[in-house]
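Report on the following structure.
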Amino acid sequence: MVSRTGSCRINLDYLLDRADRVTKLCPHWSELARQRMALCLDEEMVLGRSLWDFVQGGATQQLYDMLIQESRRTGRKLAFNYRGDSPGAIRYMRMTLLPGYQGMVRLRSELLHEQSRQRAVYFTHAAYPCRPELLQCGLCNRLEHNGRWYTLDDLLRLTDVIDDLMPTEVGDTVCDGCVTRIEIVTGVRL
Ligand SMILES: [Zn+2]
């Protein structure tokens, strides 16, 4: 098990302008973005682009959009925990939204705790999945299959829907439990 506690070394900070374009990144962005997202999101590929080019999924995108707009409108800092798992790791994360001057919002993604997974599982996220039998919550990373919600470990144990040969296609959603949880911790009506 790999366990880390929060420090500025492992926070990803970025600043949005009023049009949700990424205008500033923390100095260690490129290194952390590669580690955290397993993607080569180099600074020059991100700066000036819309946040919505990078946040996958309609439901998750909609929820983040509502929270960012609410933070701007009220001038309130908003924070909530979420799961940002990678194929080989369980990641407990915290997102903080800090509103600023002229519609700017600072987003901070903090890794609270990380635990390696014995069996790496790869997903592809499709806005309109060809086989929408699996939905994944963008906030808790649980998966819905045949009307039931599973943790990934339970899904692997109890079903055969995960294929080790190919990435498993999932549709994006936000589960009712996360909507309620985010409403409670942020005070925002979603
Ligand atoms: Zn959820």
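The values are calculated or read from the model by the stated rules, or taken from the named source; none is laboratory data. This structure is a prediction, so every number in the text was calculated from the model and none was measured. All Cβ positions, glycine included, derive from the backbone under ideal geometry; neighbour counts span all protein chains shown.
Miscellaneous remarks
- Test: residue in segment 125-144 that is on the phi > 0 side of the Ramachandran plot and modelled with pLDDT of 95 or more: yes
- Residue identified as exposed (fewer than 13 other Cβ atoms within 10 Å of the Cβ) and touching a strand residue (DSSP E or B) at 6+ places or on another chain (Cβ under 6 Å) among V170, V185: V185
- Of all residues making up segment 168-178, the number that are of a type in the set (A, V, I, L, M) and near the ligand (Cβ under 8 Å from one of its atoms): 1
- None of L143, L78, L98, L165 is more than 16 Å from the ligand (Cβ to nearest atom), more than 25 Å from L16 (Cα to Cα) and not polar (S, T, N, Q) except L165.
- Only one of the numbered conditions (1) within 14 Å of R83 (Cβ to Cβ); (2) modelled with pLDDT of 95 or more; (3) within 10 Å of the ligand (Cβ to nearest atom) is violated by Y150, and that is (3).
- Residue count, segment 139-190 (criterion: touching a residue at least 24 places away in the same chain (Cβ under 8 Å), part of a strand (DSSP E or B) and either small (G, A, S) or farther than 14 Å from A120 by Cα (or both)): 8
- Among the residues of segment 129-138, just one is near the ligand (Cβ under 9 Å from one of its atoms) and part of a loop (DSSP other than H, G, I, E, B), namely G138.
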